[in-house]
Amino acid sequence: MQKTPTNDSEPLPVSKTRRKQEMHALQDMGEQLIQLDPKRLAELDLPETLADAILEAKRIRKHGALRRQMQFIGKLMRDVDAAPIQEKLDAWNGLSAQHTAWLHLLERWRERLLADELALVELGQKYPSADLQQLRLLTRNAEKEKLANKPPKSFRMLFHELQKIIPEGSEWSDNE
């Protein structure tokens, strides 16, 4: 027989399934915390017991012991407001995704510059601060290095020059 509240003002009790889902979510967040480097971990202002448990989990190599430590971290996380921690983790993950997208944009521009001479003109129109003469020189040298099987010094320098020109957060448009 299922218990139902007699009064409408009483909240329904949280089901066992829901509690387990919440505990697993906290354990998953704990796994994300274990993956963080110590600098980022320090930025979160975690309680000392939780921070110590996370550092201990980083040292554990045995699967069973690590599983128990993860459960312990999940238990400690119940006493902490997890929302600000999750927001910070999401922000860091979003930032790294945005940074990765920017790096891919730079790589696409570099490949276009090496494949098509008109790409240099387009780059100059889109980013007027670009030093086209320097980019043309680096592009030519990168092509020569590739043909001569030399180390890709100019290829890398071209990428660094593009990093200076194209601001982070720029997006690739279809006509590029």
Can you tell which of Phe159, Phe72 is under 26 Å from Leu41 (Cβ atoms) and either of a type in the set (Ser, Thr, Tyr) or modelled with pLDDT of 90 or more (or both)? Phe72
Of all residues being among the polar types (S, T, N, Q) and under 33 Å from the mean Cα position of the chain (by Cα) in region 134-151, which is nearest to Gly124 (Cα to Cα)? Just the residue, please. Gln134
Among the residues of region 133-165, write down those that are of a type in the set (Val, Ile, Thr) and either free of Cβ contacts under 8 Å to residues at least 12 places away in the same chain or in contact with a Phe, Trp or Tyr (Cβ under 6 Å, 6 or more places away or on another chain) (or both). Ile165
Quick one: is Arg110 outside the structural domain of Arg40 (by TED's automatic domain parsing), within 30 Å of the chain's Cα centre (by Cα) and farther than 30 Å from Arg40 by Cα? yes
Would you confirm whether or not region 85-98 contains a residue that is within 30 Å of Gly30 (Cβ to Cβ), in contact (Cβ under 8 Å) with a residue 60 or more places away in the chain and in a helix (DSSP H, G or I)? yes
Would you say Ala130 is in contact (Cβ under 8 Å) with a residue 12 or more places away in the chain, surrounded by 13 or more Cβ atoms within 10 Å (Cβ to Cβ) and under 18 Å from Trp102 (Cβ atoms)? yes
Could you figure out which of (1) surrounded by 11 or more Cβ atoms within 10 Å (Cβ to Cβ); (2) outside the structural domain of Arg136 (by TED's automatic domain parsing); (3) not basic (Lys, Arg) isn't true of His63? (1)
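The values are calculated or read from the model by the stated rules, or taken from the named source; none is laboratory data. Every value quoted in this text rests on a predicted model; they were computed, and no experiment measured them. In this analysis, Cβ positions are derived from the backbone assuming ideal geometry, glycine residues included, and neighbour counts consider all displayed protein chains.
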